[in-house]
Amino acid sequence: MFLRAEAGREPVTVKVFSLPDKSLSVGVWRGMAEAVDVFRAKNPHIRLVRSTQLTVEGHTMDAGALMAIAGGISPDVIYVNFRQSESYIQQGFLRPLDEFINLEWTAAEARSRGAYQERVMYRDEYEERVPEPVRPVIHRKGPDGKEHFYAMPYGMVVGSLIYRKDLFLEAGLDPDRPPRDWDEYFECARKLTNPEKGIYGTALGDGKESSYYLFPFLNSAGADAVKQLPDGEWRAAFDTPEAVEAYFFFNKLFTHPWRFNGKPMRGFGYRGPALGEKWNDGKIGMLMTDLFDKELSGVNPELYGIAPEPRGPSGVSSPAINCLMMGIFAGIKDRGVRDAAWEYMRFVDGPDARRIITKHLVESGGTKFLNPLYLKRYGYPELAPLVQKGLFEVYQDGVKTGKPEPYGKNCQLVYDYLTQPMDELYFRTIRGEFDGKSEKEMKAQVAVVLQRAVAETNEKMIGYLPAEKKRVRHAAAWVAVAMVAASFALMFRRIFSTFAGATGSKTQWGFVKYKGAYLVLLPAMLLIAVWQYYPLGRGSFMAFQDYMIIGGSRWIGLENFANVLFDASFWHSFGCSLYFLGLTLAFGFFPPIFLAILLQEVPRGKVVFRTLFYLPAVISPVVVMFLWKQFFDISEHGLLNQIIHLFGIPPQKWLGDPKLAMLCIVIPLAWATMGPGCIIYLAALKSIPDDLYEAAEIDGAGFRSKVFSIVLPFLKPLLVINFVGAFIGAFKSVDYILAMTGGGPADATNVVGMQIFNQSFLYLKFGLATAMAWILGSMLLGFTAMQLQILRRVEFRQTGLAK
């Protein structure tokens, strides 16, 4: 029965994280769009609005939601999945749904007692609506220590194997006999791979969450990513012997040495971007995919096969189980909005919506992909035998033997931490570090890598640290904070003394005499105070807090500073920043100087050359980033790979190669900024009197002597100012890295600015990020003071250009 519209109700606007668009949606999503239209018609007082969110390179779905919450623009109905759930609950983002759910009675029992409420979901509807594996996720303890309902599902997904039958036939494999275990999977991948045709046996997406494709192997090996202890605490657990087997096998898939037409090759899988394009182009033989509970699949059964994920050493196929869920944002104050949000959540996967979706799929010819239970339940029992043979069985078996995706503390980051050892093993193997080692020795190395990764995951993701380590870190933090405070005090004193004047006489402010000047300065001073110094002061407090967006923040003293000081990833990112600084200076700071000098000497076409060099600066930085990202396409069709192919150089991974990624970011940055820098230096060169050049020529000075004896000394003030800006800007720069690599691959471009951004807006650890910023600021302040001291000794004079 549809929800009943009540006349005279106040109009309510509900912001939803996503709404299906009939003009763009197909299959089950088109049916869901029709269901949403019915909801709107039956509830004209509820206005549904789609919320917009950002995406971040390397973070598939969590980043947008977290950034919206952090920015104070969260939708009223927010998306929740297993991995996000615990963090959302403990952060106070989700409002408990206890007022809307009653498991004590069925609907009939509530009516018999005269206590039935239409807006309440009773036990019979709840059990029909919420699958068994999902119940522990949506009903659990909250920050108050009590159990609450926090979300409602609107679709369950179960992992499976999808493979291309045409590629199986081409490789001499039986298309009706998919691999059943790991050994068969490896053999199929080997036979499917054909470098000459660009065909890979299997594939792995890029980005920090690419271990999503590893997770089913971890499950089937009998390992866990995280485990909950009897006391309710969570711990990382992917360093067991079973996990070693999974990582070893998965790494072998992509790094196993072999030869093709006499050429040495590595692995049988594709790693990189545009995974979907390669799959659609028929370049990948096997891939892990998901079966949806409503529309089990939507692919052509003549071309694609669906099978259970291959069994691991445990003899079990254990796919990942996840669920699409919705929750109500806890920041909603209006009761009417909360009630309307619940009405939408309850309807969108209720019996009426399911009936509409099933009807649409049947009428659009999708019967063979439908869940037969829905066909029988919603009026099409005669069509159930037409469902693709074996499809529902794969789904059912997956529900029985599968494992839920991790849903413990901070598990929205779990794939990030699972990916790190996976990438480390891959790149170390590619570099030949494990060449000549036996399988036993290799597994021993895998175990060492996993043990280190688990310790890091427990510390950074889960927040577990032994008491002894805490004491040592806090002691070190006290010393570090004292040094930071002292350095700030000394540097500010030095700065003030530097510009107070050489005579040491008392400064006269002259407010009355110079009131006009002060009035002109006042707006700028207010803007700087509001947008610079107020956040600086606010951040001083946040650095000593476990800062929470919703609810009270907890004072934790120097814990954030202690964690930063002993965080290897922070110091790694600091090293990346130094490397980025070196490349930025080499390609972005010095070349414009010499380019300006050369353009100054060009006898003809100066305007043309200056225009050509300046043109990249008028292009939007966003366009520059994505334009060069296309140039760096790792396929053989990428522009740069086509160019180097002409010289017999094999295709490069570019942004996917840890050794080349940083350089590939700096090159477009330098290309876009070289023109403006060059124009500034050209203007400064005009201020050099011609008499000096003439006198130098009389003395027999050549081009080089004039540059080092005249040009550079005259440009010194400008060079010092620009150098300070370039130095500080390099440490703060994050935009190009965010858009092009997101800090990857293997954290090769994870500079300090990126680290601070991730901690703040992706992981919502504002206190930790602020502590990082303060430590970085203390380092930069000393350098700035030193440069200002140099500037003080520079004498500025009027050029006297007017003639």
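Observations
- If you go through segment 305-323 and pick out every residue that is at negative phi and surrounded by fewer than 18 Cβ atoms within 10 Å (Cβ to Cβ), you end up with 3.
- Summed over segment 395-404, residues that are open to solvent by 10 Å² or more (accessible area, probe 1.4 Å), in contact with a Pro (Cβ under 9 Å, 6 or more places away or on another chain) and not aliphatic (A, V, I, L, M) total 5.
- Selection from segment 557-582 of residues that are assigned to a helix (DSSP H, G or I), under 15 Å from K765 (Cβ atoms) and not aliphatic (A, V, I, L, M): E559, N560, F561, N563, S569, F570, S573
- Conditions (1) in contact (Cβ under 8 Å) with a residue 12 or more places away in the chain; (2) of a type outside the set (K, R); (3) out of contact with any Asp or Glu (no Cβ under 9 Å at 6 or more places or on another chain); (4) open to solvent by less than 80 Å² (accessible area, probe 1.4 Å): number failed by P621: (3)
- Tally of residues being surrounded by fewer than 18 Cβ atoms within 10 Å (Cβ to Cβ) and not hydroxyl-bearing (S, T, Y) across segment 535-548: 7
- Qualifying residues in segment 754-782 (those that are among the aliphatic types (A, V, I, L, M) and within 16 Å of M67 (Cβ to Cβ)) - the one modelled with the lowest pLDDT: L762
- Pairs, first in a helix (DSSP H, G or I) in segment 333-348, second among the polar types (S, T, N, Q), C-beta under 9 Å, six or more apart: V337/T13; A340/T13; A340/N43; E343/N43; Y344/N43; F347/N43
- Residue match in segment 218-238 (condition: among the charged types (D, E, K, R) and in a helix (DSSP H, G or I)): no
- Taking segment 687-729 as the range and being touching a residue at least 60 places away in the same chain (Cβ under 8 Å), more than 29 Å from L781 (Cα to Cα) and within 47 Å of the chain's Cα centre (by Cα) as the test, the residues that pass are V707, V711.
- Residue satisfying all of: in segment 579-613; modelled with pLDDT under 80 and in contact with a helix residue (DSSP H, G or I) (Cβ under 7 Å, 6 or more places away or on another chain); surrounded by the most Cβ atoms within 10 Å (Cβ to Cβ) among these: F613
- Looking only at segment 291-304, and only at residues there that are within 30 Å of the chain's Cα centre (by Cα) and open to solvent by 30 Å² or more (accessible area, probe 1.4 Å), the one that is nearest to P404 (Cα to Cα): E295
- Some residue of segment 330-342 being over 25 Å from S87 (Cα atoms) and acidic (D, E): no
- Filter pass, F392 being of a type in the set (F, W, Y), open to solvent by 20 Å² or more (accessible area, probe 1.4 Å) and under 30 Å from V26 (Cα atoms): yes
Condition check ((1) exposed (fewer than 13 other Cβ atoms within 10 Å of the Cβ); (2) at pLDDT below 90) across all residues:
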position: P406; (1), (2): no, no
position: Y415; (1), (2): no, no
position: T419; (1), (2): no, no
position: E424; (1), (2): no, no
position: M442; (1), (2): no, no
position: Q451; (1), (2): no, no
position: Y464; (1), (2): no, yes
position: E468; (1), (2): yes, yes
position: A480; (1), (2): no, yes
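- Enumeration of residues in segment 727-753 that are of a type in the set (G, A, S), at pLDDT below 85 and closer than 17 Å to L585 by Cα: G729, S733
- Qualifying residue in segment 153-169 (condition: farther than 28 Å from A746 by Cα, at pLDDT below 95, small (G, A, S) and not in a helix (DSSP H, G or I)): yes
- Restricting I328, I332 to residues that are modelled with pLDDT of 95 or more and open to solvent by less than 20 Å² (accessible area, probe 1.4 Å) narrows the list to I328.
- V134 meets all of the listed conditions (1) in a loop (DSSP other than H, G, I, E, B); (2) closer than 25 Å to R354 by Cβ but one, namely (1).
- Any hit, segment 180-202, residues being in contact (Cβ under 8 Å) with a residue 12 or more places away in the chain, open to solvent by 10 Å² or more (accessible area, probe 1.4 Å), of a type in the set (D, E) and part of a helix (DSSP H, G or I): yes
- Considering residues of segment 237-290 that are of a type in the set (S, T, N, Q) and within 19 Å of L167 (Cα to Cα) only, the residue least open to solvent (accessible area, probe 1.4 Å): T289
- Residue within segment 208-229 that is more than 25 Å from D183 (Cβ to Cβ) and more than 25 Å from the chain's Cα centre (by Cα) present: yes
- Any hit, segment 156-178, residues being under 32 Å from the mean Cα position of the chain (by Cα), within 30 Å of P658 (Cα to Cα), open to solvent by 10 Å² or more (accessible area, probe 1.4 Å) and among the hydrophobic types (A, V, I, L, M, F, W, C): no
- Checked against the criterion of being open to solvent by 30 Å² or more (accessible area, probe 1.4 Å), farther than 28 Å from L612 by Cα and of a type in the set (K, R), the candidates K706, K659 yield just one match: K659.
- Of all residues in segment 352-367 being in contact (Cβ under 8 Å) with a residue 24 or more places away in the chain and open to solvent by 20 Å² or more (accessible area, probe 1.4 Å), the one that is farthest from R129 (Cα to Cα): S364
- Test for L370: is it surrounded by 16 or more Cβ atoms within 10 Å (Cβ to Cβ) and either within 25 Å of S210 (Cα to Cα) or aliphatic (A, V, I, L, M) (or both): yes
The values are calculated or read from the model by the stated rules, or taken from the named source; none is laboratory data. These figures come from a predicted structure and were not determined experimentally. Don't worry about glycine lacking a Cβ; one is built from the backbone with ideal geometry, like all the others, and counts go over all protein chains shown. For accessibility, only protein heavy atoms count, side chains too; no ligands or nucleic acids. Shrake-Rupley method; radii C 1.70, N 1.55, O 1.52, S 1.80 Å.
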